[in-house]
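Worksheet: the structure to be examined is printed underneath.
The values are calculated or read from the model by the stated rules, or taken from the named source; none is laboratory data. On a predicted model such as this, the values are computed, not experimentally measured, just so you know. Cβ placement follows ideal geometry from the backbone for every residue including glycine, while neighbour counts extend to all protein chains displayed. The accessibility values were calculated without ligands, DNA or RNA, using every heavy atom of the protein model including side chains. Shrake-Rupley method; radii C 1.70, N 1.55, O 1.52, S 1.80 Å.
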Amino acid sequence: MDARGCTRRAFVARAAAGAAALLLPFPLSADGFGAPGQDDRERLAGWLRTLRAEGLADAAPLGRAVARVGELALGTPYAAGTLEQYLLDGGSPDAEPLTLHLDRFDCVTLVESALAIARTAGAGPDAGWDRFAREVERMRYRGGARRGYTSRLHYFSEWIADGERRGLLRDLGPELGAERDERPLRFMSEHRASYPALRHDDAHAAIAEHERGLGPRNLIPKDRIPRITERLQTGDVLAFGTGIAGLDVTHTGLAYQSPDGVMRVLHAPLSGGVVQVSPGTVADYVNGLRNATGILAARPLRG
């Protein structure tokens, strides 16, 4: 995959260490046990104040608030593997903690955090860290229920499909002329050594079984992207399809209409090292990715 995206391991497994992650207990305690560090708490509070002060807490569409969170996160360091650190520290895949951090992101955790903060801002003036944590949890895990490593939505196309079933997203593919990508997804089970959790036979077997049930994706081919870009909205979720065998996408980010009116990509790329906005258009970005086949697109909803 292209170096400007997450690596395959960083995107699907996030297998490298991330020392500053916040690990909440399993399951998440309703009384706030395992509270965030002061820096994370202050960052969240500041971002929520900004959304509320700018009238974005209840704004429609939700993407306006999502994109504003992305702006506030610009310059935040990229970090891979934060969700896997507990495994490297000897934890069990059967008891995955809810990992949250606002001082560093990979491409997926940036998207999850931006959507979660936008929804938290609209949940009332007293909503804070606990609400943010629950918003992340219900996006990150199948059916919104955290039941260990294998319940996490590792393939981003399933992240979109699961979110759409529960009213968190709308898959834009059908209305934007997407084609069905019916290639089987087997990357994780076939690259077992890249994933710390899959050293455990039970976790490997469960992932392989789940992969066999994954359905096709709505992929907007890259040659069609210039024709549909004007129908994207700022804050839409974008995922970048790949021709790599067994894998659906290699990177994700947010559609972002910059002040000059150009639709770009706001994302946390590996090569750039920080959250940033692409210099060119969405189509330019896709055309610069190795093995790129197109995009998956989804519109965040309040859910």
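Overview of results
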read-out: Extreme residue, farthest from the chain's Cα centre (by Cα), among residues of the range 37-85 that are touching a residue at least 12 places away in the same chain (Cβ under 8 Å) and at positive phi; value: Gly75
read-out: Residue in the range 201-212 that is touching a Phe, Trp or Tyr at 6+ places or on another chain (Cβ under 9 Å) and free of Cβ contacts under 8 Å to residues at least 24 places away in the same chain present; value: yes
read-out: Only one of Asp89, Asp103 that is free of Cβ contacts under 8 Å to residues at least 40 places away in the same chain and open to solvent by 20 Å² or more (accessible area, probe 1.4 Å); value: Asp89
read-out: Count of residues meeting criterion [open to solvent by less than 80 Å² (accessible area, probe 1.4 Å) and part of a helix (DSSP H, G or I)] in the range 193-221; value: 12
read-out: Restricting the range 233-245 to residues that are in a strand (DSSP E or B) and of a type outside the set (S, T, N, Q), the residue that is surrounded by the most Cβ atoms within 10 Å (Cβ to Cβ); value: Phe240
read-out: Count - residues of the range 108-140 that are among the aromatic types (Phe, Trp, Tyr) and under 20 Å from Leu254 (Cα atoms); value: 1
read-out: Of residues in the range 183-218 being acidic (Asp, Glu) and over 22 Å from the mean Cα position of the chain (by Cα), the one nearest to Ala80 (Cα to Cα); value: Glu190
read-out: Per-region count, the range 132-157, residues among the charged types (D, E, K, R), in a helix (DSSP H, G or I) and open to solvent by less than 20 Å² (accessible area, probe 1.4 Å); value: 2
read-out: Test for Trp129: is it farther than 22 Å from His210 by Cα and open to solvent by less than 30 Å² (accessible area, probe 1.4 Å); value: yes
read-out: Residue in the range 164-171 that is over 18 Å from the mean Cα position of the chain (by Cα), open to solvent by less than 70 Å² (accessible area, probe 1.4 Å) and among the hydrophobic types (A, V, I, L, M, F, W, C) present; value: no
read-out: Residue within the range 175-192 that is in a strand (DSSP E or B), under 22 Å from Leu296 (Cβ atoms) and open to solvent by 30 Å² or more (accessible area, probe 1.4 Å) present; value: yes
read-out: Selected residue (criterion: surrounded by the most Cβ atoms within 10 Å (Cβ to Cβ)) from residues of the range 246-267 that are of a type in the set (Gly, Ala, Ser) and in contact with a Pro (Cβ under 9 Å, 6 or more places away or on another chain); value: Gly253
read-out: Helices (runs of 4 or more DSSP H) contained entirely in the range 38-91, each with at least 2 residues that are closer than 28 Å to Gly303 by Cα and modelled with pLDDT under 95; value: 38-53
read-out: Residue pairs meeting the criteria (Cβ under 6 Å; at least 6 apart or on separate chains; first over 24 Å from Leu74 (Cβ atoms), in the range 109-135; second at pLDDT below 95 and open to solvent by 10 Å² or more (accessible area, probe 1.4 Å)); value: Asp130/Gly32
read-out: Residues of the range 104-131 classified as outside any loop (DSSP other than H, G, I, E, B) and under 20 Å from Gly70 (Cβ atoms), total; value: 18
read-out: Options Ala203, Ala208, Ala268; residue that is out of contact with any Ser or Thr (no Cβ under 7 Å at 6 or more places or on another chain) and under 30 Å from Asp94 (Cβ atoms); value: Ala268
